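A.B. asks: Encoded as structure tokens, here's the structure I'll be asking about.
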Amino acid sequence: MSFINHFNDIQDTRSHINKKHELLDVIFLTVTAIISGAEGWKDIKQFGDSKLTWLRKFRSFENGIPVDDTIARIISSLAPEALLACFVSWVNELRDANNQSVITFDGKTLRHSYDGDKKTAIHSVSAYAVEQGLVLAQCKSKSKKNEVSTVMALIELLELKGNIITADAMHCLKKVTKAVSKKDGDYLLQVKNNQGKLNKEIQAYYHKVRREQPSLIQQNSHETVNDGHGRIEQRTYTQLLVTDWLEQRHGWVNFNSIVEVVRQRYVGDSHTMETSYYISSLGINPEQVAKSIRQHWGIENSAHWVLDMTFKEDDSRIRRGDAPENMATFRRFAMNLAKLSAIKDSMKGKLKQAAWSDEVREQLILG
């Protein structure tokens, strides 16, 4: 039961007289309840009451299952930073045994985690290993506008060697390239108007190369075509090495290449086209950058969507203290455990099976 072992060093801030229930018992109860479909404190309590015999196979639960208010108090008292450290420790152990290539950063707002003012809803940033489908870390951000400092903290926390970091244009900053390179990682960052001069210069450079060296464009391009639901999507990725012609290259660490992506969509007689640009530390490999750019959106489709539709994160009204942030971490524990399982079913199906079957639940938590 490796995941619970990573909580051994977490500090229990309760006074001695309030320690009727062991902290690790409550944490184990919470994660296993969530992986069985529990959404709130009452659900966790009811799961515990109905599965106490099974729970005691793994933890003592000497004084039984705490009431829902006690569960809420204990979970809200946990320091989010300490809980995050436990989560990252566990994930890093998994990553030692599973090579990762693309890690994407993206923000998510817990839409009902506020009292009164919607602006106080918790906004968090997650790091997601796309190929394995694992959330590597998630950390609260003061707001969407403050995502950059949160991403910088996550970069410092994570092992990045040998991985490609992707993020949207907000994080296309010199300090981000420096931080990623310091951790021996590579980066692939979209360029928009927050780097206006660089963006215009990259566009001008592609225009120059097309005019003067069309063969270079052809040999460094990769095209993909997808069709379905009455539409055709064509994407052309062209990667060029950075040269002295690009005056805006200075100050960026390991800035080795630029990427142009032309997306064309055909729906019936309708045709639309858009072009976007990226900077990267990677050498020339258009197929690799094409795959990495497409994988960047994996966190939206495979993580955020699952958290909202299966774990009902967007509907959660847990608001007490640090409980919203801590429960978000526990949901990601549960989601990772379910994704790692060899059981053949959808995420929703796995949670249903875990709710019904002690054997399946045991398979999910033990791997």
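A.B. asks: In whole angstrom, and with the biggest value first, how far do the Cα coordinates of segment 265-323 range along each principal axis?
C.D. replies: Dimensions of segment 265-323 along the principal axes of its Cα atoms: 48, 39, 17 Å.
A.B. asks: On to the next question. Could you list the square roots of 5 times each eigenvalue of the Cα gyration tensor of segment 132-173, that is, the equivalent ellipsoid semi-axes, sorted largest first and rounded to whole Å?
C.D. replies: Numbers: eigenvalues 66, 33, 21 Å².
That gives 18, 13, 10 Å for the three semi-axes.
A.B. asks: Ordering Asp49, Asp168, Asp227 by how much accessible area each has at a 1.4 Å probe, largest first, what is the list?
C.D. replies: Sorted by accessible area, descending: Asp227, Asp49, Asp168.
A.B. asks: Report Rg(Cα)/(2.2 N^0.38 Å) for the chain, keeping two decimals. Write down the numbers at each step before the final one.
C.D. replies: On the way: Rg = 23.2 Å, N = 367, 2.2 N^0.38 = 20.7 Å.
Normalised Cα radius of gyration, the chain: 1.12.
A.B. asks: So for each of 26-34, 12-20 I average, over its residues, the number of other beta carbons within 10 Å; can you give me the resulting order with the highest mean first? Before the final figure, lay out the partial values.
C.D. replies: Numbers: 26-34: 24.1, 12-20: 10.7.
Top of the packing list down: 26-34, 12-20.
A.B. asks: Got a number for carbon plus sulfur as a percent of the chain's accessible area, 1.4 Å probe?
C.D. replies: Values: 8130 of 17660 Å².
Roughly 46 percent of what the probe reaches on the chain is carbon or sulfur.
A.B. asks: Rounded to the nearest 20 debye, what is the charge dipole size of the chain about its Cα centre when +1 sits on each Lys and Arg Cβ and -1 on each Asp and Glu Cβ?
C.D. replies: Values: 50 positive and 45 negative charges, 118 e Å.
So the magnitude is around 560 debye.
A.B. asks: Using a 1.4 Å probe on the protein heavy atoms only, what accessible surface does Thr104 show? Give it in Å² to the nearest 10.
C.D. replies: 0 Å²
A.B. asks: Moving on. Taking the Cα centre as origin and putting +1 on Lys and Arg beta-carbons and -1 on Asp and Glu beta-carbons, what dipole magnitude results for segment 1-50, to the nearest 20 debye?
C.D. replies: Numbers: 5 positive and 7 negative charges, 35 e Å.
Roughly 160 debye, rounded to the nearest 20.
A.B. asks: I would also like to ask the following. At 0.36 nm per residue, and after removing the present C-alpha to C-alpha distance, how many nm does the segment from Lys161 to Ile10 gain when stretched out fully?
C.D. replies: Values: separation 151, 0.36 × 151 = 54.36 nm, distance 2.71 nm.
The Lys161-Ile10 span can extend by a further 51.7 nm.
A.B. asks: So, for the chain, what is the accessible surface per residue at a probe of 1.4 Å, expressed in square angstrom?
C.D. replies: On the way: 17660 Å² over 367 residues.
Per-residue accessible area for the chain comes out at 48 Å².
A.B. asks: What distance in nm lies between label points placed 7 Å from Cα along the C-beta direction at Arg263 and Leu216?
C.D. replies: 2.7 nm
The values are calculated or read from the model by the stated rules, or taken from the named source; none is laboratory data. Bear in mind that the values here come from a model prediction, so they are computed numbers and not experimental data. Because the Cβ atoms are built from the backbone with ideal geometry, glycine has one as well, and the counts that use them run over all protein chains shown. Heads up: the accessible areas ignore ligands, DNA and RNA and are worked out on the full protein's heavy atoms, side chains in. Shrake-Rupley method; radii C 1.70, N 1.55, O 1.52, S 1.80 Å.
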